[in-house]
Amino acid sequence: MSTPIAQTTQPDGRVELADGADLSDHRFANEDLRPVPVARRRWTTYNFIALWVGMAHNIPSWTLASGLVALGMDWKQAVLTIALANLIVLVPMILTGHAGTKYGIPFPVFARASFGLRGANLPAMIRAAVACAWFGIQTWIGGEGIFLLAGKLLGHGWQTAAEIGGHPWTQWLSFLLFWAIQMAIIARGMETLRRFENWAAPVVIVGALALLAWITAEAGGLGPLLDQPSKLGWGSDFWQVFFPALMGMIGFWSTLALNIPDFTRFGGSQRAQIRGQALGLPTTMTLFALLSVLVTSGSQAVYGEAIWDPIALAAKMDSTAGILFALFIVLIATLSVNIAANVVSPAYDLANLLPRYINFRTGALTTGVIGILIFPWKLIEDPQIYIFTWLGVVGGLLGTVAGILIADYWLLRRTALDLAELYLSGGRYWYAAGWNWRAVTALLVGGVLAVGGSHGGPFPADGLIPALKPLADYGWAVGLASSLLLYLALSTGSRTERG
């Protein structure tokens with residue numbers, strides 16, 4: 001067993017390793033995974049608000065809301081669905097974010113308390129795979145913005161260039177250009193990211209308001225935007241869409257509900273992270289959803305169809321200045337969320353897998369490569385598949401992990417962790433050869449219950465496991481509740497409870 005390392009607790013409850021503590025010789029630590037010293041935890045409420053504004057105001061967030069309109073909801077139904085989803089998902093975000101601020105640790109280290117030092121790689125790799133897929137989706141969207149809007153400026157030849165793999169080579173060039181820009185920013189580290197988010201947030205808001213003003217003028221006022229009727233009504237047709245859509249909306253942020261400690265570890269206080277998240281996520285996401293559904297309703301009034309992709313809508317502008325402005329906003333919005341939400345998390349996860357060989361920058365580059373290899377353009381072709389299949393399955397799996405983390409940290413340990421032993425083999429978080437079988441069992445059972453009944457799109461019409469089909473529309477809630485209860489049942493009275 002490794003030599004114990006002391007830790008100190010500050011008056012405000014935040015914990016750090018004692019002065020002189022050295023983890024350099026331990027195989028479960030590197031510079032990026034070690035606890036952030038209290039002196040370097042400086043993020044304020046504004047920093048967290050800016051982070052959420054930057055992450056919420058992005059193209060996939062827009063297509064979530066506009067996609068609901070395309071599926072038949074009116075603007076009130078779509079905004080209600082998204083507002084409720086974000087209030088729900090805010091709860092696990094604040095609960096898991098607490099550990100980041102208290103101990104200065106990223107998600108994969110936090111997961112060691114419940115899954116074990118080696119077992120933490122299981123939820124970390126699940127989350128990393130999801131984040132890599134999201135990175136690819138966002139990068140494809142950013143590249144698409146460059147491709148479509150640049151085509152308006154450079155002429156017909158840009159968009160009709162010779163095709164490679166079903167897309168013009170100029171679109172692939174746009175995709176790779178946007179990928180390279182992101183890699184250049186993230187290579188400069190988390191402090192650069194914080195500064196970028198601070199100024200990007202208000203810029204994106206201005207851009208969304210400008211698009212609303214343009215489509216309002218095209219439609220002849222706000223009336224046509226507000227008068228688009230629901231195709232579903234408020235009867236059974238609506239509720240059949242509402243519940244899976246609600247889980248899809250929750251699934252959209254389910255990755256962040258886990259990896260929020262990657263950011264709250266820099267929090268100056270629990271008050272800053274709680275207020276920043278509570279003010280940042282539900283308010284900005286709901287307002288952005290309102291903007292997007294109004295603009296999409298406006299496109300239906302102006303063009304006779306709901307154009308749920310804001311890039312395709314902006315490409316209909318006749319003004320060169322307007323197109324350049326739209327291109328700038330698209331790039332800033334997509335950069336803001338993609339770097340923060342989809343590069344930081346898998347970079348830490350991959351570093352946790354092999355701390356001696358992979359650091360944050362190596363993990364970020366690996367994320368970038370994987371994001372290209374997962375064919376992101378296939379995941380967002382259809383709002384039906386995007387919202388129900390992709391987001392529903394992702395939400396179910398990640399909700400399962402969230403249930404285990406909340407049960408372990410809040411209900412069993414009452415937020416008390418031994419910070420040093422999260423990095424040491426042979427200690428209280430070593431369990432059996434580095435794995436806690438209780439957490440793994442709860443993850444597997446909860447995951448099957450949450451996504452086993454998935455149906456439609458690439459899944460069988462009667463579900464992967466027909467008996468579980470009725471649960472599929474509630475995947476995130478089923479995964480979180482079942483894993484939380486099972487983990488508690490398996491852990492009560494064990495060394496896990498004693499921490």
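Can you work out which of the residues in region 115-169 that are buried (at least 18 other Cβ atoms within 10 Å of the Cβ) and among the β-branched types (Val, Ile, Thr) is farthest from the chain's Cα centre (by Cα)?
ILE146
Just to be sure, is LEU335 among the aliphatic types (A, V, I, L, M), within 25 Å of ILE49 (Cβ to Cβ), part of a helix (DSSP H, G or I) and more than 23 Å from the chain's Cα centre (by Cα)?
So LEU335 does not fit the description; no.
Do you know which residues across region 295-308 are in a helix (DSSP H, G or I) and surrounded by fewer than 24 Cβ atoms within 10 Å (Cβ to Cβ)?
If the condition is that a residue be in a helix (DSSP H, G or I) and surrounded by fewer than 24 Cβ atoms within 10 Å (Cβ to Cβ), then GLN300, ALA301, VAL302, TYR303 are the ones that fit.
May I ask you to list the residues in region 245-279 that are modelled with pLDDT under 80 and not aliphatic (A, V, I, L, M)?
If the condition is that a residue be modelled with pLDDT under 80 and not aliphatic (A, V, I, L, M), then GLY248, GLY251, PHE252, TRP253, SER254, THR255 are the ones that fit.
Cβ-Cβ under 8 Å, sequence separation 6+ or interchain: first residue in region 392-419 and more than 23 Å from ALA128 (Cβ to Cβ), partner part of a helix (DSSP H, G or I) and polar (S, T, N, Q). Which pairs?
Going by the 8 Å Cβ cut-off, the qualifying pairs are LEU412/SER491; LEU412/THR496.
State all residues of region 284-334 that are under 20 Å from TRP158 (Cα atoms) and without any contact (Cβ under 8 Å) to a residue 60 or more places away in the chain; if no residue qualifies, say none.
LYS316, ASP318, SER319, ALA321
Only one of PHE238, PHE263 is surrounded by fewer than 24 Cβ atoms within 10 Å (Cβ to Cβ) and either of a type in the set (Phe, Trp, Tyr) or outside any helix (DSSP H, G or I) (or both); which? Spell out the reasoning first.
Working: PHE263 fails: surrounded by fewer than 24 Cβ atoms within 10 Å (Cβ to Cβ).
On inspection, the qualifying residue turns out to be PHE238.
From the list LEU87, LEU51, which residue is within 19 Å of the chain's Cα centre (by Cα), in a helix (DSSP H, G or I) and surrounded by fewer than 24 Cβ atoms within 10 Å (Cβ to Cβ)?
Within the list LEU87, LEU51, the selection yields LEU87.
Between ILE311, ILE323, which is in contact with a Lys or Arg (Cβ under 8 Å, 6 or more places away or on another chain), part of a helix (DSSP H, G or I) and more than 30 Å from PHE110 (Cβ to Cβ)? Full working, then the answer.
Values: ILE311 fails: in contact with a Lys or Arg (Cβ under 8 Å, 6 or more places away or on another chain).
Criteria check complete, one pass: ILE323.
How do the pairs read when you match residues in region 262-283 that are touching a residue at least 60 places away in the same chain (Cβ under 8 Å) and under 12 Å from TRP43 (Cα atoms) with residues anywhere that are surrounded by 24 or more Cβ atoms within 10 Å (Cβ to Cβ) and basic (Lys, Arg), using Cβ under 8 Å and keeping only pairs 6 or more apart or on different chains?
GLN270/LYS102
Look through region 384-413, keep the residues that are small (Gly, Ala, Ser) and farther than 19 Å from GLY453 by Cβ, and return whichever of them is modelled with the highest pLDDT.
Checking each candidate, the answer is ALA407.
The values are calculated or read from the model by the stated rules, or taken from the named source; none is laboratory data. Just so it is clear, the model here is predicted, and its values are computed rather than measured. All Cβ positions, even for glycine, are placed from backbone atoms using ideal geometry, and neighbour counts span all protein chains on display.
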